[in-house]
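S.K.: Sharing a structure with you now.
The values are calculated or read from the model by the stated rules, or taken from the named source; none is laboratory data. Remember, predicted model here, so these are calculated numbers, not experimental data. Here the Cβ positions follow ideal geometry from the backbone for every residue, glycine too, while neighbour counts run over all protein chains shown. For accessibility, only protein heavy atoms count, side chains too; no ligands or nucleic acids. Shrake-Rupley method; radii C 1.70, N 1.55, O 1.52, S 1.80 Å.
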Amino acid sequence: MGGQKIRPLWRRSTFSQGGEGNCVEVAFLHREVWVRDSHAPDRPTISFPRRTWHAFLTELKPPTA
């Protein structure tokens with residue numbers, strides 16, 4: 001198995017479905033989350049530890065009343 005590349009399974013964010021054309025894709029690999037621009041998939045990605053990604057998404061959610 002040495003030399004095989006990891007092929008991430010990219011998913012488009014549900015928040016990117018608007019008509020603006022701004023699309024973000026994410027892939028979950030081991031303990032990381034990779035993020036890329038779906039309009040430029042060959043450009044470099046950014047990655048975050050899963051805990052950091054979870055904290056980021058938690059902060060985006062509106063407070064419950």
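S.K.: In the range 1-31, how many residues are modelled with pLDDT under 75, open to solvent by less than 40 Å² (accessible area, probe 1.4 Å) and either among the hydroxyl-bearing types (Ser, Thr, Tyr) or at negative phi (or both)?
M.R.: Residues meeting the conditions: 2.
S.K.: Let me ask something additional. Starting from the range 41-61, keep only residues that are without any contact (Cβ under 8 Å) to a residue 24 or more places away in the chain, then list their pairs with residues that are open to solvent by 70 Å² or more (accessible area, probe 1.4 Å) and in a loop (DSSP other than H, G, I, E, B) whose Cβ atoms are within a distance under 9 Å, requiring at least 6 positions of separation or different chains.
M.R.: Matching pairs, first to second residue: 49/31; 50/30; 50/31; 51/31.
S.K.: List the pairs whose first member sits in the range 29-40 and is closer than 18 Å to residue 7 by Cβ, whose second member is loosely packed, with under 11 Cβ neighbours inside 10 Å and of a type in the set (A, V, I, L, M), and whose Cβ atoms are under 7 Å apart, counting only residues at least 6 apart or on separate chains?
M.R.: 29/6; 35/46
S.K.: Limited to the range 41-64, what total is found for residues that are of a type in the set (Ser, Thr, Tyr) and in contact with a Phe, Trp or Tyr (Cβ under 8 Å, 6 or more places away or on another chain)?
M.R.: Residues in the range 41-64 being of a type in the set (Ser, Thr, Tyr) and in contact with a Phe, Trp or Tyr (Cβ under 8 Å, 6 or more places away or on another chain): 2 in total.
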